[in-house]
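The values are calculated or read from the model by the stated rules, or taken from the named source; none is laboratory data. Everything numeric in this text was worked out from a predicted model, so none of it was measured. Using ideal geometry, Cβ is built from the backbone for each residue, glycine included, and neighbour counts are taken over all protein chains shown. Ligands, DNA and RNA are excluded from the accessible area calculation, which covers all protein heavy atoms including side chains. Shrake-Rupley method; radii C 1.70, N 1.55, O 1.52, S 1.80 Å.
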Amino acid sequence: MRKRDRVQQVAGVLGELLAGEARARWRRGRNGALDPEEMERRRAQALSGALERLGPLYIKVGQVLSTRPDIVSTAVIEALQDLHEQVEVRPFSEFEPVLEADLGADWVRRFRDIDTDHPIGAASIAQVYGAVLQDGTRVAIKLQRPGVAAAVRLDMEILAQAVRLVSRRAQVTAEIFQPDAMLETIFSAMRPEIDFTAEAANMAEFRVLLDRYGGLRVPEVFESTRQVLVMSRPPGVSINECNLDDFTAEERREIGRAVVTMV
């Protein structure tokens, strides 16, 4: 997408958001029927929806804002915390060109089996599939969504220009909230997400750091390119899905101590 077209697209989504806010204020000013807390919840949901529509970089902006109670309200924080959970799952066929581009035309020979029908994870940047290597090793394949890296880099350029413009016109506000610093935090978090070789390097570093924690493991990386990451897949379930009754009180305390100490 050309920069001009993307700017118009972003402006259109934000324009709809501002128009909705203006309508809500007009209705409330006219009859005063809408509860202020309910109005704030609706405003927060509208902001969350707009950021989700704008794509990965803006979702990351929302996630960062969800940690800043000094900037946004409690209702906004609650709405933005759910941004990462609402992502459309795309068919595996859309990711095959990514595999061929990064692993070669014979990429399929590297695997004994791939469950292409049921991805084990989906996010704004990538989808993850379970697979088995030719030697029988269970792995997870993380595949970057086609075109997402270029789109994120374009959005970074647009957002940086917008922040510079706003900072020049509202210098006092910029000094208080430091949007340049916040933007660099977002960009620093996004760069490894669109280059899986950087993610693989981070995983290797953390594997060494976590060696002394018996209950914590970092997956082993078997292959990494900018768009493809093949890593070990140990058995287990999400912490959100596990049954606490399966662990003794001492095991839960040990896991908690390890996580807190590691952080």
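A few notes on this one:
- Peptides 50-57, 159-166, 254-261 ranked from most to least packed, by the mean per-residue count of other Cβ atoms within 10 Å: 50-57, 159-166, 254-261.
- Principal axis analysis of the Cα atoms in the chain yields extents of 68, 51, 35 Å, listed in decreasing size.
- Whole-number Å³ per residue for the convex hull built on Cα positions in segment 46-188: 125 Å³
- Solvent-accessible area per residue for the chain (1.4 angstrom probe, square angstrom): 62 Å²
- Assuming charge only on the beta carbon of Lys and Arg (+1) and of Asp and Glu (-1), the dipole of the chain about its Cα centre is about 1160 debye to the nearest 20.
- Accessible-area order (highest first, 1.4 angstrom probe) of the listed residues ARG2, ARG110, ARG43, ARG145: ARG2, ARG110, ARG43, ARG145
- Calculated [θ] (222 nm, deg cm²/dmol) that DSSP helices of n ≥ 4 give over the chain, each run adding -39,500 (n - 2.57): -18000 deg cm²/dmol
- Degrees between helix 3-31 axis and first principal axis of the chain (Cα, 0 to 90, nearest 10): 50 degrees
- Within segment 174-263, the proportion of Cα pairs with more than 21 Å between them is 53 percent.
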